[in-house]
1. Testing the spin-label approximation: label points 7 Å from Cα along Cα→Cβ at L182 and T208. State their distance in nm.
2. R0 = 30 Å: FRET efficiency of A9 with I147, Cβ-based, nearest 0.05?
3. Stretch W229-V162 to full length: gain in nm at 0.36 nm per residue minus the Cα-Cα span?
4. If each of V170 and A16 carries a label point 7 Å out from its Cα toward its Cβ, how far apart are those two points in nm?
5. Roughly how many Å is it from the Cα centre of segment 78-97 to that of segment 183-205, as a whole number?
Amino acid sequence: LLPDHPLDAFGVLNPAKLWRLVVLVMLVGALAHTALRLIGNRWGLPLAGFFAGYVSSTAETLNFSQIARTSPVLSASALAAALLANAASVSLFVPILWAVSPALLQALWPELVAAFVSLLLLSIFGMHRSATLPPDSALAQKRMFRIRDALALVAVIAGILVFSAWMNRVLGPGWAVTLALLSAAAEVHAALIGLAQLVQSGAMALPTSHWGLLGLLAVSAATKTGIAWVAGERGFAYRFGTAMLVMLGVVLAVTLLK
C-alpha cells in the first residue's frame, strides 16, 4: 500500500522498499525465534548465538565476550557463539540486497558465501565443547521477533541513505564512500544499503563494489574485535580477532580470483 517511488529530494527514500526491509528483518527474526524454541537449549551457546546474531551481531559479540570473561569454562562455546552471530549477520545481507539491489547481490554473492562459510567452519572448532544452556537462561528465552528493532534498523538505514546522497551531491562520491565505510562500525547492514545506493546512483562502479564490501567487513570486524578486547579476556579477543582476519583473508582471496 505504500508508494513504490522515492519521496525525498535526493531520490533515495522509497517507502515500499524501506517497509519491505522491516518485514524481512521481522521475518528472519521470527524464523530464528521459532527454530530456537523448537530445538531447545541442548545445542548450547553457539546455536543461541547464531539466532541472536540476526538481531545484532555487535551486541552479541559484546555479550559473549563478557560471558567468556566471567565464565572461563564457557570461553570456547562463547567464541563459537560470537562467530556464529557474525555468520548470521552476513547471511542477512542476502535478503537485504535482494530487496534493495538484486544486481549487487548477484555481483557479491561469492564473497558473501565465502564470508559465511569461513565463519561457520571456524565456529565448529568450539562447538563440540559447547555448554548446555539452563532452561531458564535469559539468552535461551530471549525474544527474537521485535518490530521495534526492525524499525530502528531501517530508520538508521534511511538516515544513512539521505546523508550519503547529500554528501555525494555536495562533497562528491569520495566522501559518500567514506561515510559508508565508517558507518559499518555502527551498523554494517545500514552501511551495506549505503553501498548499494552508491552503486545504483553511479557514484561507485559495480566492479568496485567488491572492494567496498571487503572494506565494510573489515571495519565491522575491527570494531567487534575492539569490543571483544575491551569487554572480554585477552585470549578470547585474540582468538576472535584471528578468526575475523581469516574470514577477511578468504573474502580477499575470492575477490582477487574473480
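1. 1.8 nm
2. On the way: r = 28 Å, r/R0 = 0.95.
Calculated value: 0.60.
3. Working: separation 67, 0.36 × 67 = 24.12 nm, distance 3.33 nm.
Length gained between W229 and V162: 20.8 nm.
4. Taking the two extended label points, one gets 3.1 nm.
5. After rounding, the separation between the Cα centres reads 18 Å.
None of the figures in this text is laboratory data; all of them are computed from the coordinates on show. Keep in mind that what you see is a predicted model, and the values were worked out from it rather than measured. Please note: Cβ atoms are built from the backbone with ideal geometry, for glycine as well, and neighbour counts cover all protein chains shown.
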